[in-house]
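Here's the structure we're looking at; comments come further down.
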Amino acid sequence: MKEMDNNYNRRQADAKVPPVLECCGIERRFGGIVAVTGVDLSIRRGEIFGLVGPNGSGKTTVTNAITGFYPPNKGSIYLDGKDITGTAPHKVATLGVARTFQNLALFNGMSVLENILLGRHIHMKPGVFPTALYWWLARPEEMRNREVVEEVIEFLQLESIRNELVDGIPIGLKKRVELARALVAEPHLLILDEPMAGMNQEEKGYMARFILDARAERGISVLLIEHHMDVITGICDRMLALNYGEMIASGLPKEVVKDPRVVDAYIGGAHG
Amino acid sequence: MFYRLSGVHHNSYVSESRLYRIPADRNLALFFLALGLVAPLLVGSLYLNSYLLPWLVWTAAALGLNLVTGWAGQLHLGYAAVMAVGAYSAVHAAKFGIPWEFALLIGGISASVVGSLFAFAALRVKGLYLALTTLAMQFVMDWVLTHSPAISGGSHASLQAPTFALLGQPITSDIGLYYIAFSWCLLVTVFMLNLRRTGLGRALVAVREKDYAAAILGVNSFYYKIVAFATSSFIGGVSGAVLVATFFFLAAPEQFSVTVSIQVLAMVIVGGLGSTIGTFFGVALILLAPGVVNGIVAKGAIALGLQLNVETLAHIPTATYGALIIIILMVEPLGLGKLYGNIRDYLMVWPFDQLKR
Ligand SMILES: Nc1ncnc2c1ncn2[C@@H]1O[C@H](COP(=O)(O)OP(=O)(O)OP(=O)(O)O)[C@@H](O)[C@H]1O
Ligand SMILES: [Mg+2]
């Protein structure tokens, strides 16, 4: 994983382009609870950015603020320099943001293939008339998009289960299907909320490889939430640590993980 | 057995996305299509027009409700009201001299407009509240129909439908009317089957299953719910109009009362939410079973020489029919469509039924 540092230095050189994502002073409250406050973060093009923190420190809340599920009470969010604060989730998706959920959000009752095809939604124009006149209107579009989906299925090695119902496949594969569904949307920014939770070392290795390849082949920027510090230091270019909703450290992973406040939060906090 | 996956290879995405991927399924579907086409040669006009025809039209209607309730997951208790809008608009348009082809279209469009306007207001609430709001729509429609002679056709509250005609040719024969119903049911069925393989169908299921996950994929749930209501109301409206034009011959408010709404919902639920073939079964059961049970009970009573009084005779079929529905839903809560699916899946792996999932 050493070569990643070189990659990072190379990208440092063209840091002039506006950041893919920029959050300024994000605050989000739920009733009396301040879930996050004063969070600034900026993700550069092609960067893998890590977000860590003990349980309940507000990581998911930050992603929910970005993707419009829980708009921030204070602060602004810019995507490619454009203000998207408070934009509804389905619109954020059309702007090129894809995400996976901490607690899996696949559609049960549908096959792996159909789930991934749904990721192409923003590139398609589904409607009543295309459905009624399937052979003339919908089929060409479906087939074109099927090809994009098949590329990602091959990339993530899901060929053998593409016609299985998602209900029955193991959790590690479910996480991969969800990644596939996010990737087929061809996002600029991919937000992964604990994509490796509950995975064994081998599956984690695969997932890390997929994320690195996705960045390398598709030029995607990634916001990665993860509890596994080895993964964060292994594949992230920069990172940010939260505790009780506040930023406690940010910068290069190898420096942040040594920061006394981060060590404290993890050892003293709920997370062992 | 019969259904086989082995030896079936698809070498293009087009071939893999056919409506029926398994030859046995396709053959069965083609067989029933052919049966429907030659039915007038096989059964007398009594059966054709008093059983087969209403079965087909109600199936088309129930498929429309299945779109909104089964696919999009929105409980709808005012579907008969939507059918009424379609039926009355079409009949009035036809009386006005507009050709029936367009009158049906007008019926469908006005039902669609009313249905989606209503949904626009109703969709601010979810689940049971939505169900209650749609029920309110039904009551409003009942009231309007019984209180406005201009719509419902004067003091007798019945509106004679002009003779059905296509391309200026009046269609009066039993066979002609049957084919009208058959064609409409076929169109709706094909549409519903196509839903399984298009982005629209996937978007509707996504909205039903997990609206937040749908949203992050760019699916606007409100928009797709409205689309579901509009489309289902169109189907319901045209079905209502076809029902009046080919079966009732006159429109009356009680044909579209709240009882009817609940009956159509029962057809969909017994048939199976989201299941097209199940809807055919469900409609058959709800529509035809009472008559059949009635016949059996009456004949049985005579054969056994039992002296049943009129009241008992009237109650036994209703009770049997209610019990039948309960038994079916207890055996398979997902309805007759799923029951059929289970049998098919079993046969698919037979005799290796340990593979059964
Ligand atoms: N929808 C909500 N309503 C009320 N409180 C919420 C909501 N979402 C989050 N919170 C609160 O905000 C705080 C931060 O939660 P969040 O889910 O962002 O933490 P997290 O860092 O993602 O934790 P984990 O590692 O467990 O996923 C918690 O105290 C949580 O209880
Ligand atoms: Mg979280």
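The numbers here are math on the coordinates, done by the rules we state, and not lab data. Remember, predicted model here, so these are calculated numbers, not experimental data. No Cβ is skipped: glycine too gets one built from the backbone with ideal geometry, and neighbour counts run over all protein chains shown.
Among B:115-127, A:181-193, B:230-242, how do they line up by average Cβ neighbours within 10 Å per residue, starting with the highest?
Numbers: B:115-127: 17.7, A:181-193: 23.8, B:230-242: 30.9.
Per-residue Cβ counts within 10 Å, averaged per peptide and sorted highest first, yield B:230-242, A:181-193, B:115-127.
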**Message:** Which one, B:Gly295, B:Gly305, B:Phe281, projects farthest toward the positive side of the charge dipole computed for segment B:275-357 from Cβ point charges (K/R +1, D/E -1)?
**Reply:** B:Phe281
**Request:** Evaluate peptide A:94-103: per residue, the Cβ atoms of other protein chains within 10 Å of its Cβ; return the mean as an integer.
**Result:** 2
**Asked** Out of B:Ala60, B:Ala165, B:Ala90, any idea which swings most in a Gaussian network model of chain B, alpha carbons joined below 10 Å?
**Response** B:Ala165
**Stokes-Einstein translational diffusion, segment B:38-257 - Kirkwood Rh over all Cα pairs, 1.002 mPa s, 20 °C, in µm²/s** = 120 µm²/s
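Going by C-beta contacts inside 10 Å, put A:Glu202, A:Glu226 in order with the fewest on the left. Mind showing how you got there, number by number?
On the way: A:Glu202 9, A:Glu226 24.
Neighbour counts put them in this order, fewest first: A:Glu202, A:Glu226.
What's the Kirkwood radius of the protein assembly as shown in Å, using all Cα pairs?
Details: mean 1/r = 0.0363 Å⁻¹.
In the protein assembly as shown this quantity evaluates to 27.6 Å.
Quick one: A:Val20, B:Val8, A:Val97, fewest Cβ neighbours within 10 Å first, how do they rank? Don't skip to the answer; put the middle values down first.
Details: A:Val20 25, B:Val8 11, A:Val97 28.
Going from least to most buried by this count: B:Val8, A:Val20, A:Val97.
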**Asked** What's the local net charge at A:Glu186, with K and R +1, D and E -1, over the other residues with C-beta under 10 Å away?
**Response** +2
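Could you tell me the convex hull volume per residue, in Å³, taken over the Cα atoms of chain A?
Considering the Cα atoms of chain A, their hull volume per residue is 143 Å³.
What ranking do A:Thr131, B:Thr163 get, fewest neighbouring Cβ atoms within 10 angstrom at the top? Before the final figure, lay out each step's value.
On the way: A:Thr131 23, B:Thr163 12.
In order of increasing Cβ crowding within 10 Å: B:Thr163, A:Thr131.
Give me a single rounded figure for A:138-149: the average over its residues of other chain Cβ atoms within 10 Å of their Cβ.
Numbers: counts 6, 6, 1, 2, 6, 4, 1, 2, 4, 1, 0, 1.
Mean partner shielding for this stretch: 3.
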**Total formal charge among the other residues, if their Cβ is under 15 angstrom from that of A:Gly25, Lys/Arg +1 and Asp/Glu -1** = -2
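Two decimals is fine: what's Rg over Rh for segment B:275-357, C-alpha atoms, Kirkwood radius as Rh? Don't jump to the answer; show the numbers that get you there.
On the way: Rg = 17.3 Å, Rh = 14.9 Å.
Rounded to two decimals, Rg over Rh is 1.16.
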**Item:** Cα pair distances exceeding 19 angstrom across segment B:150-252, given as percent
**Value:** 59 percent
**Prompt:** To the nearest whole number, what is the average tally of beta carbon atoms from other chains within 10 Å of the beta carbons of peptide A:112-124?
**Reply:** 4
**Asked** Which entries of A:Lys125/B:Lys210; A:Lys59/A:Lys175; A:Lys125/B:Lys338; A:Lys91/A:Lys254 show an alpha-carbon separation above 26 angstrom in the structure shown?
**Response** A:Lys125/B:Lys338; A:Lys91/A:Lys254
**Asked** Given N residues in segment A:162-272, what is Rg(Cα) / (2.2 N^0.38 Å)?
**Response** 1.17
